[in-house]
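Everything below concerns the one structure shown next.
The values are calculated or read from the model by the stated rules, or taken from the named source; none is laboratory data. Here the structure is a predicted model, which means the values were calculated and not measured. No Cβ is skipped: glycine too gets one built from the backbone with ideal geometry, and neighbour counts run over all protein chains shown.
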Amino acid sequence: MKAYRLPAFNGPRSLERVDLPSPEPGPGQVRVRLRAASLNFRDLMISKGVYNPRLRLPLIPLSDGAGEVVAVGDGAGRFRVGDRVMSAFMPGWREGEPTEVKVRSALGGEVDGVLAEETVLPESGLLPIPEHLSFEEAATLPCAAVTAWNALVQTGGIRPGHSVLVQGTGGVSLFALQFARMAGARVIATSSRDDKLTRALELGASDGINYRTTPDWEKHVRELTGGVGVDMIVEVGGAGTLPRSTRAIKLGGYIALIGVLAGAGDFNPIPLLMRNIRLQGIFVGSVAIFESMAAAIATARMRPVIDRVFPFDQAVEALEYLESGAHFGKVVIAI
Ligand SMILES: NC(=O)c1ccc[n+]([C@@H]2O[C@H](COP(=O)([O-])OP(=O)(O)OC[C@H]3O[C@@H](n4cnc5c(N)ncnc54)[C@H](OP(=O)(O)O)[C@@H]3O)[C@@H](O)[C@H]2O)c1
């Protein structure tokens, strides 16, 4: 089978094409013929060695895959040959709280990922694809969507009438926008580009703020909320945006700390306590969280936003496209 491997931490260009033997499913496992994989910012960080420089190489990259079952190992009975399935980001985190062992099962990290024609996975770490979704759409869900769902629904307890700030228009942020609208919440979106803000409004955001032309966007957020601030922030900027987020959030609000896109910055923790802010780190989510999100997506017939689908032989170009930041939503590779 054809696959890509990362032999060194030199960025997307270091990916190499390889031919590997078809993997055999062991007890409790199934073999999946992958049809699509989606990219996450993490995959860029992994390729450069900035995510975890101690990862074992060579590594098959990417965590998010969808395909069909082609073989079933001993004792595996949940799926049959031909079933359409999608991979969980951490197949070993079935439910409950994360542990060191559970989080080490993350695909495309300590365990080989899905940028290959075939893979073998434990059946407990696979989910059936909602009927209305294509392989490409299903492949967008395991990391970005589960993270957004965990942040807003599972951990955040979002309710109708809440207001949510989403930063930028990448994978996590657009899923957060869509889930917040499904929950009956108001969404304020930021972006570096006005054309992307127009598209965010079309997806249901009530307001858009260009964080390049309006660098003090937190003031604008307060104005838009009657001087109060938003109930929730999906914080993908990290240290570089957190100081402004602590001023854009309402007293007693909730910030889901997810990403590090805005680089380093000085962070003063005093506003957190003076304003009674709940700052919660989110690390994707369990298979059980993925299952409840998939059920909601199926009921709402919600569709992920795919910016572009690259062919398998342009995997490097796909990662470079993600790196350019030109995308709106998810970047996918057809396999
Ligand atoms: N904790 C977790 O479990 C978890 C899971 C998934 C992702 N993440 C992290 O979350 C972040 C987003 O991941 P992703 O896969 O959604 O990335 P992505 O699809 O590559 O999104 C990148 C987008 O973020 C926006 N952005 C960049 N710098 C920004 C800034 N300073 N302020 C506001 N927006 C900014 C840009 O949107 P515009 O072009 O609209 O400006 C950019 O296109 C990454 O740091 C990733 O590592 C964490």
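Observations
- Residue among 131, 123, 118 that alone is in contact with a helix residue (DSSP H, G or I) (Cβ under 9 Å, 6 or more places away or on another chain), farther than 24 Å from residue 240 by Cα and in the same structural domain as residue 45 (by TED's automatic domain parsing): 131
- Residue match in the range 265-281 (condition: more than 22 Å from residue 219 (Cβ to Cβ), surrounded by fewer than 16 Cβ atoms within 10 Å (Cβ to Cβ) and near the ligand (Cβ under 9 Å from one of its atoms)): yes
- Residue 6 on the phi > 0 side of the Ramachandran plot and either of a type in the set (Asp, Glu) or touching a strand residue (DSSP E or B) at 6+ places or on another chain (Cβ under 9 Å) (or both): no
- Answer residue from the range 282-321, given it is of a type in the set (Asp, Glu) and within 16 Å of the ligand (Cβ to nearest atom) and is farthest from the chain's Cα centre (by Cα) among those: 317
- Entirely in the range 1-65, the strands (runs of 3 or more DSSP E) that have 1 or more residues that are modelled with pLDDT of 95 or more, surrounded by 14 or more Cβ atoms within 10 Å (Cβ to Cβ) and of a type in the set (Lys, Arg): 2-5, 29-38
- Residues in the range 65-94 that are of a type outside the set (Ser, Thr, Tyr) and under 18 Å from the mean Cα position of the chain (by Cα): 65, 66, 85, 86, 88, 89, 90, 91, 92, 93, 94.
- Conditions (1) touching a residue at least 24 places away in the same chain (Cβ under 8 Å); (2) over 19 Å from residue 116 (Cβ atoms): number failed by residue 45: (1)
- Of all the listed residues (57, 44), the sole one being in contact with a Leu (Cβ under 8 Å, 6 or more places away or on another chain) and within 15 Å of the ligand (Cβ to nearest atom) is 44.
- The one condition in (1) farther than 17 Å from residue 62 by Cα; (2) in contact (Cβ under 8 Å) with a residue 60 or more places away in the chain; (3) within 12 Å of the ligand (Cβ to nearest atom); (4) surrounded by 22 or more Cβ atoms within 10 Å (Cβ to Cβ) that residue 242 fails to fulfil: (2)
- Count - residues of the range 157-178 that are part of a loop (DSSP other than H, G, I, E, B), closer than 15 Å to residue 146 by Cα and either aromatic (Phe, Trp, Tyr) or within 14 Å of the ligand (Cβ to nearest atom) (or both): 1
- Residues in the range 235-284 that are polar (S, T, N, Q), over 17 Å from residue 215 (Cβ atoms), modelled with pLDDT of 95 or more and in a loop (DSSP other than H, G, I, E, B): 276 alone.
- Within the range 95-114, residues that are in a strand (DSSP E or B) have Cβ atoms under 8 Å from residues that are small (Gly, Ala, Ser) in these pairs: 107/63; 107/65; 107/87; 107/113; 111/105, counting only partners at least 6 apart in sequence or on another chain.
- Scanning the range 179-197 for residues that are within 13 Å of the ligand (Cβ to nearest atom) and either assigned to a strand (DSSP E or B) or within 22 Å of the chain's Cα centre (by Cα) (or both) yields 188, 189, 190, 191, 192, 193, 196, 197.
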